[in-house]
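Enquirer: Before I ask anything, here is the structure I am working with.
Every number in this text was worked out from the coordinates using simple rules, so none of it is lab data. Keep in mind the model is a prediction, meaning the values are calculated, not measured. FYI the Cβ positions are ideal-geometry reconstructions off the backbone, even for glycines, and counts take in every protein chain you see.
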Amino acid sequence: MWNKHQVVEHIIGKQREQAKAKGKAFAPSNIALCKYWGKRDAELNLPVTSSLSVSLHHLGTVTEIMRATEKDHIVLNGIELDEHEPFAKRLITFLDLYRPHPEFKFKVNTSNNIPTAAGLASSASGFAAMVLALDDFFAWNLSLQDLSILARMGSGSAARSLMNGFVLWQAGSRSDGMDSFAKSLDIEWPEFRIGVLTLSDLEKSKSSRQAMTETINTSILYKSWPAQVSRDLDRLLTAIQNKDIQLCGETAEQNALSMHATMIASWPPTLYWLAETVSTLNRVWEMRKQGIPVYITMDAGPNVKLIFEKNISTKIQNVFKCEIIAPFASFSNLNFHKRER
Ligand code: PMV
C-alpha cells in the first residue's frame, strides 16, 4: 500500500525546483450522475466503484499560486484565512506533498463562484484547480491522467474536475491507485442542461468523508450499492450515447436517491436534506406527472440540481429560481486549460 508522498514522488519525481513567479488555473465543478460513495482506501481516496459526472462549465474555482516567505498564506474569496481554520489546514496539508523543501512556503489565492461546502462540489473544483495551478507553477507539464490522480488525493470527486463535459472516473483495482483516474467520454450533448438551485449556502453539518465512512461501516443498505452503480453506469452510458433524457434523468435521480438512502440508513444517520429539498423534489415529481421531463440529482448536501434539455428551459425558469448551465457551450470567454495530451 502506497501513501500520498510515494504517489507524488512517482508522478513528479524531482521536478520541483523550477517554480515560475506565478501559476494560475481554472477548474470546473462537477455533478455526478452516478455517484462516488465509499472508499476502498482512505489514504489515497481510492473508490469502491467507478462514477460518472458532468462538469459545470464556468462554475468552479480559479486558483493562483505564488511563492511566499516565512509562512503559507491561504486567501479564499479575497479573505486571508487563519492557518488553523479547517479549510486552510486541508490545503496546507495538501501543499506539503509538493514543497521542494520544508522552508518553501506558498501563497494561494483561490476563488469559487459556487457556495463552498454546500454540496456543490467546490472541493472538487478546488483541488482540481490547485493541481492545475501547481502544474503551471512548477512547469511539470503532466498529463491529465496524472493530474487526475494527484487531484483525487485532495478530494475524490476532484479527479473528475480536470475535464469538461461527461467524465468517467474508473475505480481501478491497483493498491497504489495508478489506474484510478478520470477521463473525458468525448461525447457532446449540446441540449443537455443542469439547473443549479442553491437552497442553502451554509457549511454542511457533516463532511462527506465522515458520512461515507459511517455508511460503509454501519449501513446494511450499502451492500447493494456496488450493484446499483454497475447497473446505473451501463444505463447512463447508453443514455448519453443516444441522448435519451428520460433514461439519463431517471437513472441519475434513482442513483442519487439510493446514495442518500444508504446514508440515512447508517448509524449515526446522515440526512443532508432540508424542508426546501423535499418540497423541490415534490415539485419536480409533480412536473413529471404533467409530462415535463425534468429530473434531479443531489450530492452530500441539501442542494438540488435539475437535469433536463434546452427545450424546457423556459418552463424550468418559470417554476424555479436557478442558474441554468449548458455544459457543452463554447469556452470563448474563459481561460480554461483544455489540454489534449
Ligand atoms: O470528493 P468528496 O470526498 O467530497 O466526495 C463527494 C462525493 C459526492 O459528491 C457525494 C458524490 C460524487 O460522486 O461527487
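Enquirer: Could you list which residues have their amide H under 5 Å from that of Asn303, counting only those 5 or more apart in sequence or on another chain, with H placed in the peptide plane?
Expert: The answer is none.
Enquirer: Dipole magnitude of segment 1-142 about its Cα centre, charges +1 at Lys/Arg Cβ and -1 at Asp/Glu Cβ only, in debye to the nearest 20?
Expert: The calculation lands at about 260 debye.
Enquirer: Let me ask something additional. How big is the Cα convex hull of the chain in projection, averaged over all directions, in nm²?
Expert: Across all orientations, the chain yields a mean hull projection of 16.8 nm².
Enquirer: Now, a different point. Please arrange Ile220, Ile312 by how many other C-beta atoms lie within 10 Å of their C-beta, fewest to most.
Expert: Fewest-to-most ranking of Ile220, Ile312: Ile220, Ile312.
Enquirer: Expressed as a fraction of 2.2 N^0.38 Å, the rule-of-thumb size for a compact globular protein of N residues, what is the C-alpha radius of gyration of segment 76-232?
Expert: 1.15
Enquirer: For the chain, what is the charge dipole size about the Cα centre, in debye to the nearest 20, if Lys and Arg each add +1 at the Cβ and Asp and Glu each add -1 at the Cβ?
Expert: 240 debye
Enquirer: Could you pull out every residue, at least 5 positions away or on a different chain, whose amide H is within less than 5 Å of the one on Ala68? Hs are placed 1.01 Å off N in the peptide plane, and Pro or chain starts have none.
Expert: For Ala68, the qualifying residues are Lys105, Phe106, Lys107.
Enquirer: Name the residue farthest towards the positive end of the dipole of segment 192-325 from the options Leu233, Tyr295, Ser279, assuming +1 on Cβ of Lys and Arg, -1 on Cβ of Asp and Glu, about the Cα centre.
Expert: Tyr295
Enquirer: Among all helices in the chain defined by DSSP H, which have a length of 27 Å or more along the axis from Cα atoms plus a Kyte-Doolittle mean of at least -0.5?
Expert: Helices meeting the span and hydropathy rule in the chain are 245-264.
Enquirer: A further question on this structure: Tell me, Kirkwood radius of segment 6-149 from alpha-carbon pair distances, in Å?
Expert: 15.9 Å
Enquirer: Loop only by DSSP, 14 or fewer other Cβ within 10 Å of the Cβ. Give me the trypsin sites (Lys or Arg not before Pro) in segment 1-78 that pass, ordered by residue number.
Expert: Lys14, Lys20, Lys71
Enquirer: A follow-up question, please. Using a 10 angstrom cutoff on alpha carbons, build the Gaussian network for the chain and name the most mobile of Asn164, Asn30, Asn318.
Expert: Judging by the Gaussian network model, the answer is Asn318.
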